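Taking it in order: structure first as structure tokens, then the write-up.
Where a number appears in this text, it was derived from the coordinates with a stated rule and is not lab data. Small disclaimer: the values here were computed from a predicted structure and weren't measured. So basically every Cβ, Gly included, is an ideal-geometry build from the backbone, and we count neighbours across all protein chains shown.
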Amino acid sequence: MSIRFAAPTLAVFRKHLMARGQTLATLLSEVLAGKRPPALTALLDAKPGLRPEEVLRLALEQIETRRKLIDDGDDRFGRCEICGIDLGEAALGEMPWADRCQLHA
């Protein structure tokens, strides 16, 4: 499969993914140190019933999966994992770790 985005666009997506991964890793280290950072609230609200470290590890896994797709030139980057619809460059510009369309979110 070939990737659908230009190299400069992919570089921007990858940069945003790496920054998000750094933020999540920092939050995880704070949680593991017994802290409850305020930035964690929105993530926890999205995944009720999971412990904070589980939510952060899942989010980091999502980031890593998206990064690997970019690095491998995989056409699945930027598509819904359920139906395969293209998520669109504008949406990925806002949230390059997206893996689901609005219907399957």
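The HN-Hα couplings worked out from phi for the range 39-44 by the Karplus form 6.51 cos²θ - 1.76 cosθ + 1.60 (θ = phi - 60°) are 5, 7, 4, 5, 5, 5 Hz, whole numbers, x standing for Gly and Pro. If I fit a long axis through the Cα atoms of helix 7-32 and take the longest principal axis of the Cα atoms of the chain, what angle between them do I get, 0 to 90°, rounded to 10? The angle comes out near 10 degrees.
Relative to the longest principal axis of the Cα atoms of the chain, helix 52-71 runs at roughly 20 degrees.
The label point for Met18 and the one for Lys68, both projected 7 Å from the Cα toward the Cβ, are 1.9 nm apart.
From its DSSP helices (H runs of at least four residues, each -39,500 (n - 2.57)), the chain gives a residue-normalised ellipticity at 222 nm of -18500 deg cm²/dmol. Taking Leu27, Leu56, Leu40 as the candidate residues, the one with maximal mean-square fluctuation in a Gaussian network model of the chain, Cα springs under 10 Å, is Leu40. This ranking places Asp75, Asp45 by how few other beta-carbon atoms lie within 10 Å of each, fewest first, which gives Asp45, Asp75.
Annotation: extensible slack from Leu50 through Thr26 equals 6.8 nm (criterion: 0.36 nm per residue apart, minus Cα-Cα distance).
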